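So the structure is just underneath, and the comments pick up after that.
No value in this document is a laboratory result; all are computed from the given coordinates. Bear in mind the structure is a predicted one, so any value in this text is a computation, not a measurement. Here Cβ is always computed from backbone atoms with ideal geometry, including for glycine, and neighbour counts include all displayed protein chains.
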Amino acid sequence: MNDTFKELKARTRRLDELLTERGLGNVAFAQALSQVHRLMRRSDRSREPSPELEDLLRRAETLGRSAA
């Protein structure tokens, strides 16, 4: 697995924890995180993450922070 992908997985795990703590009150955040998970499953982990995946993760992080 690529080091950059490891970082993205760690960031995604933090968002999963945040979603678990807060519940499904923020539907937009839950949907964005779900999209990240789907795209990560389809991605080639031996290469650099796609710009689309990075953008989706940033969007999910932004939504997660805004709901704090």
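Residues that are hydrophobic (A, V, I, L, M, F, W, C) and either surrounded by 11 or more Cβ atoms within 10 Å (Cβ to Cβ) or within 27 Å of Asn2 (Cβ to Cβ) (or both) within the range 22-43 comprise Ala28, Phe29, Ala30, Ala32, Leu33, Val36, Leu39, Met40, listed in sequence order. Being among the acidic types (Asp, Glu), within 14 Å of the chain's Cα centre (by Cα) and surrounded by 11 or more Cβ atoms within 10 Å (Cβ to Cβ) is a property that Glu52 has. Residue-level check: of (1) exposed (fewer than 12 other Cβ atoms within 10 Å of the Cβ); (2) free of Cβ contacts under 8 Å to residues at least 12 places away in the same chain, Ser46 misses just (2). Taking each residue of the range 21-36 that is under 22 Å from Ser50 (Cα atoms) and without any contact (Cβ under 8 Å) to a residue 60 or more places away in the chain and looking for partners that are among the aliphatic types (A, V, I, L, M) and assigned to a loop (DSSP other than H, G, I, E, B) with beta-carbon atoms closer than 8 Å, six or more apart or interchain, yields Phe29/Ala67; Ala30/Leu24.
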